[in-house]
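Colleague: The structure that follows is given in the form of structure tokens.
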Amino acid sequence: MTVTELATTIPTLVNGQPFVISATRKETMKTLGKLLLLIAALVPSVGSAQTYPTKMVTIVVPFPAGGSNDAIARYLADGLGKMWKQTVIVENRPGGGSSIGAANVAKSPADGYKMVLVSSSYTTNAATRTDQPFDPIKDLRPASMVARGHVAVVTGTRVPISTLADLAREAKARPIFYGTAGIGSSQHFNAELLNDAMGIQMQSVPYKGGQEALIDLAGGRIDVVVGTLGGLLPYINSGKAKPIAVLSKSRSAALPNVPTTVEAGYPAAIAENYFAMFVPGGTPDAIVNKINRDIRTITHTQEGRDFLAKMDGEPTELTAAEVSSHVKKEIDYWSKLAKKLNIAAK
């Protein structure tokens, strides 16, 4: 509601009747009191939505510095800071499979001055974890899906596996071990999705984080990692990991010579990664929509597209409402898969 709409609506808002000064002083003061309370409740939210932001904004990254989420958050902080003419800082709050940083924002004032940049692990956590200190649907709301990316299968360079057919053969001949960032993580889900689609039984080796799994992959201590392509690219480009497939219908521009799971005959093995900005659940629609529009403005420039492409990211056109719908569907999908495959975070 704008200030103009408020001014024209107030006369009919008190007790549902036109506002008329009463004949008695007592009734008049009672009616005026209700009117003043109404104005006090409405005007601040109207003003904040129209002028946001008027002070420093914080983007929380629920992962350590140096990863894809951190890089994207810092890029957005720079762009939004220039656009808003306000300081926008990045604060790393890792731990708990991203739940520590997300909980910090969930418990913050719902005014748009603190937000969190999550990845697809947000939905897999919601599907398997009952110990999170916040409700992933009610306590946080999506403001923007910053970018989407691919999920890829990589093997160590010492492993005689170069295709999914090789993986199927090796999995039948000996135990194959895949690394994850923990039970119930997106890497765990994606690998079990591949297991189910291919009819094989790779065995999970949980680590404290994805980087530890990749270090052991490079060292030959595990065989496979099924993770976000953006996070895998540094290891692929340095020759420490070998990509054998992308869990998608279409190939990745970052790995144009690597076939998809659909091409290999496994259409059920499809997954995606995303980066999304969330704000506290009660944040006004006007602020949420402004954040959405401004982030899309930054990511859809050629510079923004080029930056995201380095991490296998592609900007989206989704509105805040569309992102919210997508996240709910993802949580439902992964919840059903977790039940089917008996995946539970511990």
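Colleague: Quick one: would you say PHE134 is of a type outside the set (A, V, I, L, M), buried (at least 17 other Cβ atoms within 10 Å of the Cβ) and more than 30 Å from PRO234 (Cα to Cα)?
Modeller: Details: of a type outside the set (A, V, I, L, M): yes; buried (at least 17 other Cβ atoms within 10 Å of the Cβ): yes; more than 30 Å from PRO234 (Cα to Cα): yes.
Yes.
Colleague: Looking at region 168-176, can you tell me whether even one residue there is within 26 Å of SER250 (Cα to Cα) and open to solvent by less than 10 Å² (accessible area, probe 1.4 Å)?
Modeller: So far as region 168-176 goes, no, none of its residues is within 26 Å of SER250 (Cα to Cα) and open to solvent by less than 10 Å² (accessible area, probe 1.4 Å).
Colleague: Anything in region 205-259 that is open to solvent by less than 40 Å² (accessible area, probe 1.4 Å) and acidic (Asp, Glu)? List them, or say none.
Modeller: Scanning region 205-259 gives ASP216, ASP223.
Colleague: Does TYR207 meet the test of being among the aromatic types (Phe, Trp, Tyr) and closer than 27 Å to ALA126 by Cβ?
Modeller: When the stated conditions are applied, TYR207 passes them.
Colleague: Something else about it: Provide a single number: the residues in region 66-77 that are open to solvent by 20 Å² or more (accessible area, probe 1.4 Å), more than 11 Å from ILE295 (Cα to Cα) and part of a helix (DSSP H, G or I).
Modeller: Kept after step one, since they are open to solvent by 20 Å² or more (accessible area, probe 1.4 Å), are these residues of region 66-77: 66-68, 71, 74-75.
From the residues that got through so far, the ones that are more than 11 Å from ILE295 (Cα to Cα) too are 66-68, 71, 74.
Still in the list and also part of a helix (DSSP H, G or I): 68, 71, 74.
Number of matching residues: 3.
Colleague: OK, next. So which pairs qualify, if the first residue must be in region 288-304 and buried (at least 19 other Cβ atoms within 10 Å of the Cβ), the second must be assigned to a helix (DSSP H, G or I) and β-branched (Val, Ile, Thr), the Cβ gap must be under 7 Å, and the two must be at least 6 apart or on different chains?
Modeller: From residues that are buried (at least 19 other Cβ atoms within 10 Å of the Cβ), the pairs are GLY304/ILE298.
Colleague: Further question: Of all residues being acidic (Asp, Glu) and in a helix (DSSP H, G or I) in region 286-337, which is nearest to VAL118 (Cα to Cα)? Just the residue, please. Even if it seems obvious, please write down each step before you answer.
Modeller: The initial filter retains those residues of region 286-337 that are acidic (Asp, Glu), namely 294, 303, 306, 312, 314, 317, 322, 330, 332.
With the extra rule that they be in a helix (DSSP H, G or I), the set shrinks to 294, 303, 306, 322, 330, 332.
Details: ASP294: 18, GLU303: 22, ASP306: 21, GLU322: 17, GLU330: 14, ASP332: 18 Å.
Filtering region 286-337 for residues that are acidic (Asp, Glu) and in a helix (DSSP H, G or I), the one nearest to VAL118 (Cα to Cα) comes out as GLU330.
Colleague: If you don't mind, another one. Please find, within region 46-65, the residue that is farthest from GLU212 (Cα to Cα) out of those that are open to solvent by 60 Å² or more (accessible area, probe 1.4 Å) and of a type in the set (Val, Ile, Thr).
Modeller: Filtering region 46-65 down to residues open to solvent by 60 Å² or more (accessible area, probe 1.4 Å) leaves 50-51, 54-56, 64-65.
Filter once more, so that each one left must be of a type in the set (Val, Ile, Thr): 51, 54.
On the way: THR51: 44, THR54: 41 Å.
Looking at the filtered set, the residue picked out is THR51.
Colleague: Given the condition of a type in the set (S, T, N, Q), open to solvent by 10 Å² or more (accessible area, probe 1.4 Å), closer than 23 Å to LEU308 by Cα and assigned to a strand (DSSP E or B), answer yes or no: does some residue in region 89-107 qualify?
Modeller: Among the residues of region 89-107, at least one is of a type in the set (S, T, N, Q), open to solvent by 10 Å² or more (accessible area, probe 1.4 Å), closer than 23 Å to LEU308 by Cα and assigned to a strand (DSSP E or B), which makes the answer yes.
Colleague: Then there is this: Test ASN273 against the stated conditions and say whether it is open to solvent by less than 20 Å² (accessible area, probe 1.4 Å), under 17 Å from SER119 (Cα atoms) and in a helix (DSSP H, G or I).
Modeller: No: the conditions fail for ASN273.
Colleague: Could you list all residues from region 150-193 that are assigned to a helix (DSSP H, G or I) and in contact with a strand residue (DSSP E or B) (Cβ under 6 Å, 6 or more places away or on another chain)? Full working, then the answer.
Modeller: Narrowing region 150-193 to residues assigned to a helix (DSSP H, G or I): 164-173, 186-193.
Selection gives LEU164, GLN187, HIS188, ASN190, ALA191.
Colleague: A further question on this structure: Please count how many residues of region 108-127 are farther than 26 Å from GLY66 by Cβ and either among the basic types (Lys, Arg) or assigned to a helix (DSSP H, G or I) (or both). Spell out the reasoning first.
Modeller: Let us first name the residues in region 108-127 that are farther than 26 Å from GLY66 by Cβ, namely 109-112, 127.
Now drop any that are not either among the basic types (Lys, Arg) or assigned to a helix (DSSP H, G or I) (or both), which leaves 127.
Residues that pass the stated criteria total 1.
Colleague: Give me the pairs, please: first residue somewhere in region 119-136 and closer than 11 Å to SER185 by Cβ and at pLDDT below 85, second residue anywhere and open to solvent by less than 20 Å² (accessible area, probe 1.4 Å) and not in a loop (DSSP other than H, G, I, E, B), beta-carbon distance under 8 Å, and either six or more positions apart or on two chains.
Modeller: THR128/TRP334; THR128/ALA338; ARG129/SER99
The values are calculated or read from the model by the stated rules, or taken from the named source; none is laboratory data. Just so it is clear, the structure is predicted and the values come from calculations on it, not from any experiment. Counting neighbours? That spans all protein chains shown, and the Cβs are built from the backbone with ideal geometry, glycine included. Accessible surface is based on the protein model in full, side chains and every heavy atom, while ligands, DNA and RNA are left aside. Shrake-Rupley method; radii C 1.70, N 1.55, O 1.52, S 1.80 Å.
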